[in-house]
Every structure is written in C-alpha cells, then in structure tokens.
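Below is one structure; the comments refer to it alone.
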Amino acid sequence: MEESFNEHMDIQHQALRTPDQITDDSVFRSPSISTRGRKRKPVYTDDGIEISPTMDRTIDRSNVVGPSPKRGRPRGGLGRPRGGSARRPVGVTPSGQDIQVVPEDVNSLFSMLKRGEKLSQIIDEWINEYENGNTEEALVRLQQCFIDCCGCKGRVNSIMLQSLEYKEIIRRLTEEFDEESGDYPLIMTAHQYKKFRQNFADFIQLLVMKCKNGIIFDSRLMDSVIQMLTGLADSQVRAFRHTATFAAMKLSSALVDVSLDYYEQQKKTNLQIQTETAKLNISGTNDRLEYLMSYKANLDERMNDLCLMIQYIFKSVFVHRYRDIVSDIRGICISEIGKWMRIYHREFLEDSYLKYIGWSLYDKIPEVRLKCIQALAPLYEEPELIHKLELFTGKFKERLVSMVMDKDNDVAVKTCQLLTSIYKVFPHLLTLEDCVPIYETVYSTNRALAVAAGEFLNVKVFQNAGANLENRELISDLVQFFVESNLQNHAAYLVDALIDTNPMIKDWSTMVDLLLSNETEKFDKELIEVMTCAIKQAATGDTPVGRFHGKKGAVIKDPKQIYDEKQKISQILIPALPKLLQKFAAEREEVINLTTIPLHFNLDLYPQARLGLSLDELVSMLIHIVEQHSEDEVLINIAHVFSYLSTNIAVSQQIETAKLRLIDTLAVSMRHGIQRFHEDEQLLEDDEAAILAAFRRFAAFYAVEDLRKWDLWDMVVTLQNNITRFHDRFQSEVSEKAILYLFLSLAWDLKRLLNEQEANIDQAAKRLKKRRDQFMHLLRNILTELASGVEHAFKCLCDLLILFNWKLCSDSPHEQIKQLELNLDKDFANKISVFVLDNVFVDANAETLQNLEVPMQIELMHKRRNLLAQYCKLIMHGILPIMDAALVFRNYNRFFTDFGDILKTLLNKCRELDKVACARAMTVALIFIFEDLKVSSPNRVVDPNDDEFGELKDLAKRFAQSYGTDSFKNREAFAMIHKDGIVHALELQNTQRRRGQNGPTNLAFLEVIMEFSARLMQQDKKAVLNYLQKHTNFSENDVEKEAWNSYMLYKNSLMEKQDDIQSIRSGLPTRGRGRGRGRAGRQSAYSPTPSEAMQQD
C-alpha cells in the first residue's frame, strides 16, 4: 500500500488560488512543487500537452489544470476526435482481448442501490455470502458495485482480481468506459437517480458499521476496497475520479466513526484495568485483569489498523483530490474532513489538517467556500475545542473578514455568522478595522446578510457593557452607531436588520422618554427616524423597499402578531404623539417622520380607552403644523392622517368639524391668492410665495378627498395661461401645482360620474368633456414649448390618457360617458415618443450631466426613471400600440444599468399581451440599431466582426432568452421575427433592391436573427428555410464571395444536422453534436403557423 501511495503522490490538480499572504508559518504554507513528491521528466502529446506517466489511452481534459490549446477532447494524438474514425466494437480492447460487457443485472448491488431497496437487508445478505465460503464472489460483487456506480459498463471477475494488479484492472476499465456521455449516476438528476447519492453514502456507512467487529480487519476486504477506490480516484476519467473520491471519503468517515467507538471502548477498558489493578494489590491474584489486558491489546491493534487505513485514504485520496478541478470533488473532501474534526477532534482537529480548509477558503467556486465555512462553524460552538483553533483563526482571519463581502450571498451570510461565533470566543482577535466590513453589511440589500450582521452587532456593540445594561443606554448606542455610519437615509435597513433579534428596537416607551427629555438632544432627528421606521415595520410586517429575501422568499408575519404590535404602539404613542409634535413642530425632518405614526394606530382604541382628549390634541397640533409648514412631504402626510382618521366612524365624527374648518381656510386662502394675482399686474415675491403655499396645502388635501364644494377650475386655468407673469423661481412650482389641481379635479369628476353620484349625468359628462379638452390643450402647449413644469405635465398627461381610455366604453352604459374616450392623434403620439427619447435616453457621458454635482445627477436620474415608467404605462394599458415599444427596446442593452427593471417589466408585459406584436417590436428595434450601424459604416455596409455588431447580436440573444424555453407556445412569434428579418435583410420591400457589388447591403442582419434560430421547432425551420430560398436570387458563384457569409451562416442554422455545419468565417469546426432531448410527439400534432405560411408568399 505504501508503494501505491507513492505512485499516487505524483499527480496533483491545482484548482485554487494560492493565498500569497499566508507564508509565514510552515504549517499553513500553501502547497508547492517541493511538497508534492519527486518531479518526473515531462512527457508531451502530439498537441504539446504535458501528461503524467500514469495517464493511459483515455484522458479527461477537465482534470488537467493549466493552459491548454483547446477545450474538450483533443483532435488527433490522444483519444478519438469527434466525427473521426468509427468507434471500436463494444467488448473488444485495442489489444484484441475480450472484455466482458453484459447488460445490467437487476440483482446486482448497484441495481438495488438505484432502486432504493432496504440497505440493511442487502448488506446482511452480502456479509453472509462473504463469511460463508464465497469470499471471492462477494468481493467481486462489491467491487463491481463501485464500478457500476461510476457509470462504467465493464465487468470484473475473481480471476482478474487475483491475477492482475488494480492498476491494470483500472486501465482496462478505462478503455471500456463510454465517453460519449458526460453523465454518470453520481451527477444524474433523473427520477431513478434522485436518491442515489444518499443511498450510496448510507450503503458504505452501514456496511462498515455492520462489519466493524469482524471482517474489516481480515486484511482482505478493506485492502481490496481501498486499493480499488484509491486507484479509481487517481484516474483521469472524471466519472471514476468523482465517484471513487465520494466513496473513499464516505468510507473514511465510516472508519472514523468506528475509531471513535473503539476509542470510547479503550477509555472504558483503561478505567476497568485501573480498578482491577487496585484489587490486585489487595488480593494478589486477578483473572479478570488478564482478560482485560488481552482485550485492551486487541483494541489497540484494531485502533492501529483503523488509523493506518484512514491515513492511507487521506494521503492517497484527500491530499490529491481536495484540489481537484471538479468543484464537487473539492466540496466532498472539505465537507468530510469537517465532520472528522467535529466528531474525532482528538485526532483531526490539528493545524496540519485545518490548513486544508484554510487554503480552500480561497476557492474560486462559491459552493466550495460555503463548505469550508460550514465545516468550521460547528467547531467554534464547542468550548473544549477553542484552544486548538486560535492559531488557525489568526492566520486566516483576514480572509474570513473579506468573505463577508463575498459575491455569493450564502457564503457571505454563513461567514458573518461564523465571525460572530469567533468574536464570542476570541473577543480581542477582531480589531475595529476587521469589524467595519461587518458593520457595513447591516445596510446590505440582502436581508439574510443584514440580519447576520445585526446579530454580530448585538454581540459586539449592544451587549458588550454587561447584562444589566438598560435599553436606555443601548438605544443611545444604536443612534450613535447610526450617526457614525453616515447613512442617515437608510434607517429602515438598520431597523430591519435588528428588529427580529434585539428587543430594544420595539421599546417605544423608552424612545419616547428619551425624546421628551434632553438626553439625546444632539441626535433627536436620527432617533425619531429610527423609531418611525421601527413602528412602520412592526405595524405592517413589510420589509424596506429594495431589500430582497433571497431564495426562501419573504416570511409572512402572523396577523395576530401584527395586531398585537399595533395595539402596543397605539397604547404608548396615542398619548405621547401630541407632546412630540408640540416639541418638534418647527423641525421639518422630525415632523415628516412623526406625522406618519398615526397611520399605524388602532383607531378603535380612541373611544374604547377614552382617549378623546388625546385625539383633540393631535388634531389641534396637525392643524397648527399645516398653518406653519408648506413643504409637500409634511402636507401630504397630514392629509393622509386626516383621511385615515375618517375611516373610523367614532373618530370621524369627533374630528369632522375641525377638518372642514381647516379645508375652508385653505380654500379661501387659495381663492384670495389667485384673485390678487388677477387684480394686480405685478406681484411681490412674498405674494407669489403665499400663492404657492396655498396651492400646496389645498392640493395635498384634494389628492385624498373630493373637494367639489370649492370649484376653482376657471381661476386656475386662467392662472396657468398667464404663468409667465410669475418670477422664475416660482414659475415652475406654481405651474406644477396648477396642473396637479386641474388633473385632480378631472379625476374626481370622472369618479363621481362612473359611480353615478351626479344628479344629471348627461350635463355632468358634457362639462367634464369640455374641461378635459381644455386641459389637454394646456398639456399639449406645455410639451410643445417645453415650458415650466413639463415633467409634471407629462406625468399628468399619461395618467389622464389612462383614465379616459377605451375601457370607458365597456365600463359604463351611458352614451355620454362613452364619448369621453380620449384618442391620441398620430402627431401628438409622436411628440410624446420624441419627448421621452430626448429626455430619458441621455448618454451618461454627456457634458451636461458630467458638470452636475452627484446629488443633482441622482435627482435627475430619478426624474428620468419616472418619465420612462409613465411612457411604459401607456403601452401596457393599450394607449400606445406595442409597436411603439421598439423605441424603448432599442436602448435595452445600452441603458440596462439605469433602467433595467423598467425595461424588463415592459418586455414581459408586452409578451403577455401579444407575443407576436412583441416579437415584431423586437425586430423593429434590432432593425433600428442595424440601420444606425450602417450609417456609421464605410460604404454603408456593416462589418459582422465589428464590436458594435457583436453587441447587437447580444441584444438579439437577450430577446430570444426572454421568451423562455417553450418553443411550441412561442412558435408564431419566432416565425414572425424570422420573416420580418428576412424581408429586411434581402430588402424585399424595396422595389429597386439596393445591392452592393456582392449582394444586398443588409445581408449581415441575417446573423442577428440567427440568434432566434435555435428557438424554432424543426418543422418551422424547414418553412423558414424554404421562405429564405424562395426569395433569394443569386448564382452559385456568389456563395463563395465573402459578402454572402452571413447568408450561409443563417441558412446553416436552419438546417437539421447542425453538427456538420462549418463556420464560414473562421474555417474551424463548430461545436459537436448536442445531447438535448427532443419533445416526443410534437411533430405529428401541431397547428399551422406563420412560418409555414411563408411558403405561399
């Protein structure tokens, strides 16, 4: 076995980045050439690839790490190239010897494993066969099971096991292995293999446990199994290597369990010997002592054998395979060594073993890094193991801290949890610099990661002063942390990270006491923001906007829990809120947050708990704030509070008088301001500011309540027509508020009309139609002249078009209401589209944007997103045809970073509304971009090798992928894309047929629609190909010209045998035959599609 081990040490597979910074300690030094055994003289293939001396005829290139000329199986030299000579007959080796290849035996161990039969019964039957004279046959069955589990069809027999070395047996099996398929049982996902991996592991574990007191020490069973597995694990065939490594690691884990069992027996026996030795000193003789000494010697011998077997597997398999090119192999090794350290830490929890996990923390594959963290996490939970982890933790601390920012969210979450455990046991090891990345992840958009960072905060920051620390001081620390993070606009993220793990977040009474006192005077604004966000989340159960929940999705809160939280909030805040508003009435930010709190009250508590006085105080403070403030955020919040209070009958009756008095005051103030504007030729800036404030106050309440009693339509229209009389600083805002008032007036009038709340419907409909046309005229003038308030005017226009859309005809039986439908003329629709294109899709590198400060750029981006969203709403609601979406789709790739969510939503919605129309819009968008490339190309001919053309093909590929994988449902759409693409490429709509010297100038466009060829069903490919050939007129000599390469590439993409297609441009063979599974029965039962109708065109 030692000689075999030395042979296996010659092959290494480097798959990890070596951490350069870990070089100062010999135990944790990364493996290098000097530690991998004697270096042999290199041997090269005909392709110039270096191979090891143990490699035979069959080579899995995926196991060779480092640069290689090509991916996949080499052509010529070693192995058989695709499409090369015929495959040799099954069952015949190159040397002419017959190898037994038989169909799968249903009674074999592998078949029973695959079927998931009772493992205990299977193993008992095998042990009986092994112990009752059929040792060789039983051993053959077991070895054959391992070979079958690799997916190899070759067979072994007792003669081969007795006469041949395992190296030779594996060589013959390698020659017999079917390489045409890349699948083998361990990675197959078919139904019959769904539980195979677990069954295989359980089989090995149960086999060892049932044999632990007998045949595993007979020097026959384990020697043969270990030699077979170590030999297969060293194979260049991935299926052999993967399966054998899995089996060897599971076998080693089972042996570790047996060792632990024997270790416990040794401890028990030693205690008994000590007891009997004490008795011997008294009586002089003890027969039981001799028996115990003999039993202990037997245990020691078996423990020694187990250690030899485990060490041999470790050195022969683990040391090589933990760096294998296959990530799952690396993951298996790390996962199993983690188990060994946890259950048998006396032997394996040493730096000489921990270093393998430390090196694997730098793995390029997230799954392997996750296995490392999962292997380490349980070790830090055991107090008796901590002293063995200090050196390892110090060496790899920097790497662990950096993994908090890992690109894989699962790895980052588990690492953050691990660092929390590390801090508990090594509180002085993590410095402030190490903790900063963890603090920052509290504001992560991933909720699981933020919660994990919040748990670290609970341990490190909010409980570090002792168990008796009051919430008063903890809340002060929380606010201090929030202030120092310099992310004051993200209090909701901080609250969400802590609300489920730290009860101080819901300690409303303490927060109120701190605010009413002067203890946190410097941070009152931040404390109010934190308290408001906590109240909102506790009362609604909603997480902040922009924070996602990962794979598991959002956790739905219990309605009873939410009700209890609202009840608690109401009991504490209803009496305290008027006092808070009174104290902070002059502070804008504080008032904005405080005025959202009543929206989460349980209004039934007012009459039930006799809190009418608190309600009067609240209404009085709200009215006072309305009179004192004119900011939109404050006024809108208060308007929503009054609207919410009106939903409860008892509360509404109590506040109705005060509310009506407030609205009357606002209406009178607005009327007087407008009258003063009409009467005076020139207003002072103070007067204009008063008019703007009156507009803001009235519009805020008009948005939530129908104020038909105060009809100021004519006065506001006149003011808007003379808006240029205002000073420049007020002109835009006054115009926005005037347009908003007019829009709200139309919306309330339409609602009353549809709900039949008007006494004379015909007269009301006529008046509404007159006002609507008047408003449309105002909006048209603003958009045409790009006057003040154009952005807000565009939003109101879009909402108005949706309100007065085609659905009015179907929603109402009244003829007058049906006549209110608003139809856009083509000229105005074009103006809307041009406005969006000019103001939304602006290059980020434009000089006008670069000269702006960052806050202004962010605000401008927000406005652009709003404009695009409004335009997309028009398409989604059928106001604009889906074909107009082509204007947006053409910018899909270029502006995906800024508007990706909006663009994807539009694309998906258009596809749901009409697949074919959406497909045509996609094609038009691609044609737009192609024509732009033609304009900028020499001789107006697009070069297919140009980078911009490659981006166009990428866009086409994105469009194709957006339709999913079901070609049957989308066959009409894909056929239409090909038809329109062919028409444009061959210039069929151009009667003059513009042609260059070598053919139509748009031929390169065929390479764009070629991205959709793979989505066509086979019968549709034939129809498209016939349509292409029918409308193509060129001689055979033209095919050889370079200008027709695109045509030939597209034609070949429509042919059946795509594996025989040769790339025209590169002259190199394309990829080999795919292994996809077709849909049976589809070709004989399908409905006609436009693609087949092409033959008639």
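Scan region 301-316 for residues that are within 48 Å of the chain's Cα centre (by Cα) and crowded, with 16+ Cβ neighbours inside 10 Å and report the count. Even if it seems obvious, please write down each step before you answer.
So the first thing to find is which residues in region 301-316 are within 48 Å of the chain's Cα centre (by Cα), and the list is 306-316.
If we keep only those that are crowded, with 16+ Cβ neighbours inside 10 Å as well, we get 306, 309-310, 312-316.
Residues in region 301-316 being within 48 Å of the chain's Cα centre (by Cα) and crowded, with 16+ Cβ neighbours inside 10 Å: 8 in total.
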Suppose the filter is open to solvent by less than 10 Å² (accessible area, probe 1.4 Å) and assigned to a helix (DSSP H, G or I); does L515 pass it? yes
S252 fails exactly one of (1) over 22 Å from K153 (Cβ atoms); (2) surrounded by fewer than 23 Cβ atoms within 10 Å (Cβ to Cβ); (3) among the polar types (S, T, N, Q), namely (2)
Just to be sure, is A975 open to solvent by less than 10 Å² (accessible area, probe 1.4 Å), over 21 Å from P944 (Cβ atoms), of a type in the set (A, V, I, L, M, F, W, C) and at pLDDT 85 or above? yes
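Which members of region 403-418 meet the condition of being closer than 16 Å to E381 by Cβ and either aliphatic (A, V, I, L, M) or not in a helix (DSSP H, G or I) (or both)? Before the answer, list the steps.
Step one: filter region 403-418 for residues closer than 16 Å to E381 by Cβ, giving 414-418.
Passing the criteria: only L418.
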Among the residues of region 656-670, is there at least one that is touching an Asp or Glu at 6+ places or on another chain (Cβ under 9 Å) and in a loop (DSSP other than H, G, I, E, B)? no
Any pair with Cβ under 9 angstrom, 6 or more apart, that starts in region 729-757 at a residue that is within 14 Å of L778 (Cα to Cα) and ends at one that is among the hydroxyl-bearing types (S, T, Y) and in a helix (DSSP H, G or I): L740/Y702; Y741/Y702
Open to solvent by less than 50 Å² (accessible area, probe 1.4 Å), closer than 21 Å to I313 by Cβ and more than 47 Å from the chain's Cα centre (by Cα), is that true of I216? yes
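So which residues in region 687-708 are within 53 Å of the chain's Cα centre (by Cα) and open to solvent by 20 Å² or more (accessible area, probe 1.4 Å)? Step through it out loud before you land on a result.
Taking region 687-708 and keeping what is within 53 Å of the chain's Cα centre (by Cα), we get 688-708.
Listed by number, the residues that qualify are A689, A690, R696, R697, A703, V704, E705, D706, R708.
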At least 1 residues that are crowded, with 19+ Cβ neighbours inside 10 Å and modelled with pLDDT under 85 in each: list the helices (runs of 4 or more DSSP H) lying fully within region 108-207 that qualify. 109-115, 166-176
For T540, all conditions in the list (1) crowded, with 19+ Cβ neighbours inside 10 Å; (2) over 17 Å from S444 (Cα atoms); (3) not aromatic (F, W, Y) hold save one; what is the number of the exception? (1)
Candidate set from region 589-604 (those that are among the charged types (D, E, K, R) and in contact with a helix residue (DSSP H, G or I) (Cβ under 7 Å, 6 or more places away or on another chain)); member that is least open to solvent (accessible area, probe 1.4 Å): E590
Provide a single number: the residues in region 725-734 that are within 51 Å of the chain's Cα centre (by Cα) and open to solvent by 40 Å² or more (accessible area, probe 1.4 Å). 5
Exception for A1043 within (1) at pLDDT 85 or above; (2) within 22 Å of E931 (Cα to Cα); (3) in a helix (DSSP H, G or I) falls at (1)
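Only one of L385, L391, L400 is open to solvent by less than 20 Å² (accessible area, probe 1.4 Å), part of a helix (DSSP H, G or I) and closer than 29 Å to M303 by Cβ. Can you tell me which? Working first, answer last.
Values: L391 fails: open to solvent by less than 20 Å² (accessible area, probe 1.4 Å); L400 fails: closer than 29 Å to M303 by Cβ.
The unique qualifying residue is L385.
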Got at least one residue in region 497-507 being open to solvent by 30 Å² or more (accessible area, probe 1.4 Å), in a helix (DSSP H, G or I) and either charged (D, E, K, R) or more than 23 Å from Y606 (Cα to Cα) (or both)? yes
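Picking from F456, F462, which residue would you name as being in a loop (DSSP other than H, G, I, E, B) and open to solvent by less than 30 Å² (accessible area, probe 1.4 Å)? Before the answer, list the steps.
Details: F456 fails: in a loop (DSSP other than H, G, I, E, B).
When all the criteria are applied, what remains is F462.
Scan region 867-918 residue by residue and report those that are in a helix (DSSP H, G or I), open to solvent by 20 Å² or more (accessible area, probe 1.4 Å) and among the β-branched types (V, I, T). Explain how you work it out, then say what you get.
So the first thing to find is which residues in region 867-918 are in a helix (DSSP H, G or I), and the list is 867-876, 882-889, 896-913, 915-918.
Now narrow it down to the ones that are open to solvent by 20 Å² or more (accessible area, probe 1.4 Å): 869-870, 873, 876, 882-884, 887, 896-898, 901-902, 904-905, 908-909, 911-913, 915-917.
If the condition is that a residue be in a helix (DSSP H, G or I), open to solvent by 20 Å² or more (accessible area, probe 1.4 Å) and among the β-branched types (V, I, T), then I882, T897, I902, T905, V916 are the ones that fit.
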Consider N805 against the criteria (1) touching a Lys or Arg at 6+ places or on another chain (Cβ under 9 Å); (2) closer than 20 Å to D884 by Cβ: it satisfies all of them except one. Which criterion is unmet? (1)
Kindly check whether there is at least one residue in region 796-819 that is surrounded by 17 or more Cβ atoms within 10 Å (Cβ to Cβ) and in contact with a Ser or Thr (Cβ under 9 Å, 6 or more places away or on another chain). no
Could you check how many residues of region 932-972 are open to solvent by 30 Å² or more (accessible area, probe 1.4 Å), in contact (Cβ under 8 Å) with a residue 60 or more places away in the chain, assigned to a helix (DSSP H, G or I) and over 13 Å from V1008 (Cα atoms)? 2
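Out of all the residues in region 521-537, which are open to solvent by 10 Å² or more (accessible area, probe 1.4 Å) and over 17 Å from N637 (Cα atoms)? Before you say what the answer is, go through the steps one by one.
Applying the first criterion (open to solvent by 10 Å² or more (accessible area, probe 1.4 Å)) to region 521-537 yields 521-526, 529, 532-533, 536-537.
Answer for region 521-537, where residues must be open to solvent by 10 Å² or more (accessible area, probe 1.4 Å) and over 17 Å from N637 (Cα atoms): E521, K522, F523, D524, K525, E526, Q537.
Kindly establish whether L660 is open to solvent by less than 50 Å² (accessible area, probe 1.4 Å) and of a type outside the set (S, T, Y). Break it down into steps so the answer makes sense when it comes.
Details: open to solvent by less than 50 Å² (accessible area, probe 1.4 Å): no; of a type outside the set (S, T, Y): yes.
Criteria not met by L660.
Residue-by-condition table, conditions (1) free of Cβ contacts under 8 Å to residues at least 40 places away in the same chain; (2) among the β-branched types (V, I, T):
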position	(1), (2)
Y892	no, no
I902	yes, yes
L907	no, no
L913	yes, no
A917	yes, no
A921	yes, no
V924	no, yes
F930	no, no
Answer with yes or no whether L768 is over 37 Å from the mean Cα position of the chain (by Cα) and either free of Cβ contacts under 8 Å to residues at least 40 places away in the same chain or open to solvent by less than 30 Å² (accessible area, probe 1.4 Å) (or both). yes
Region 414-441, residues that are within 20 Å of S485 (Cβ to Cβ), open to solvent by 20 Å² or more (accessible area, probe 1.4 Å) and of a type in the set (V, I, T): T431, V436
Go through (1) farther than 25 Å from E137 by Cβ; (2) open to solvent by less than 30 Å² (accessible area, probe 1.4 Å) for R238 and report which single condition fails. (2)
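The values are calculated or read from the model by the stated rules, or taken from the named source; none is laboratory data. None of the values given here were measured: they were computed from a predicted structure. Every residue, glycine as well, gets a Cβ built from its backbone with ideal geometry; the counts of neighbours run over all protein chains shown. Remember, those area values only see protein heavy atoms, side chains included, never the ligands or the DNA or RNA. Shrake-Rupley method; radii C 1.70, N 1.55, O 1.52, S 1.80 Å.
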